[in-house]
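Engineer: Input: one structure, supplied below.
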């Protein structure tokens, strides 16, 4: 009898320790800039084709490097953006006038530059980064992913993002689509 009880205890402990939940990965943080950078292209795209924007608009999400400034100053400078929004914010972003985005809304501004070789191949593109906004209880959090995949999440480093966006309070700090239609 002791052997049977001992055997049952071993079996029960083995089953309990081998719970299928032990092998389940931790849930993904859908607001993490790295995960956003991998997933955003599956969300609602705001333009049929990327929009050509000025060097000024392309540089707003962060300060430009010396190399980028040289490109901006060249006759070849052509920057484009495409805006994506996750399902949580897709309905709100299209609203006219005053609006308020629900928590968990994520907006990504994909930035890219026409490559200097565009005279030969108009489809050649050079990634220029992702500007990311994530709506949280206290407002918007910002992140930036550069062309090499380096992520900047430090809100102190990105406070210029908030300073600019806060100027558009009526539209919940989001310029789309107004700034692109001017």
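The values are calculated or read from the model by the stated rules, or taken from the named source; none is laboratory data. Note that the structure is a prediction, hence the values are computed from the model and not measured. Heads up, the Cβs are rebuilt from the backbone with ideal geometry, glycines too, and the neighbour counts pull from every protein chain shown.
Engineer: Residue 31 passes all but one of (1) out of contact with any helix residue (DSSP H, G or I) (no Cβ under 7 Å at 6 or more places or on another chain); (2) modelled with pLDDT under 65; which number fails?
Structural biologist: (2)
Engineer: Looking at 134, 174, can you tell me which residue is touching a residue at least 24 places away in the same chain (Cβ under 8 Å), surrounded by 12 or more Cβ atoms within 10 Å (Cβ to Cβ) and assigned to a loop (DSSP other than H, G, I, E, B)?
Structural biologist: 174
Engineer: Would you pick out the residues in segment 66-81 that are modelled with pLDDT under 70 and under 26 Å from the mean Cα position of the chain (by Cα)?
Structural biologist: If we filter segment 66-81 for residues that are modelled with pLDDT under 70, which is where we start, we get 68, 71-72, 74-77.
Once the filter is applied, which keeps residues that are modelled with pLDDT under 70 and under 26 Å from the mean Cα position of the chain (by Cα), segment 66-81 yields 68, 71, 72, 77.
Engineer: Regarding residue 3, is this residue at pLDDT below 85 and in contact with a helix residue (DSSP H, G or I) (Cβ under 8 Å, 6 or more places away or on another chain)?
Structural biologist: Here the answer is no, as residue 3 does not meet what is asked.
Engineer: Same structure, new question: Kindly indicate whether any position in segment 158-167 is surrounded by 15 or more Cβ atoms within 10 Å (Cβ to Cβ), touching a residue at least 40 places away in the same chain (Cβ under 8 Å) and within 16 Å of residue 41 (Cα to Cα).
Structural biologist: Within segment 158-167, none of the residues are surrounded by 15 or more Cβ atoms within 10 Å (Cβ to Cβ), touching a residue at least 40 places away in the same chain (Cβ under 8 Å) and within 16 Å of residue 41 (Cα to Cα).
Engineer: Could you list all residues from segment 90-129 that are assigned to a strand (DSSP E or B) and at pLDDT 90 or above? Quick ask: steps written out before the conclusion?
Structural biologist: At the first step, the residues of segment 90-129 found to be assigned to a strand (DSSP E or B) are 106-114, 125-129.
Scanning segment 90-129 gives 106, 107, 108, 109.
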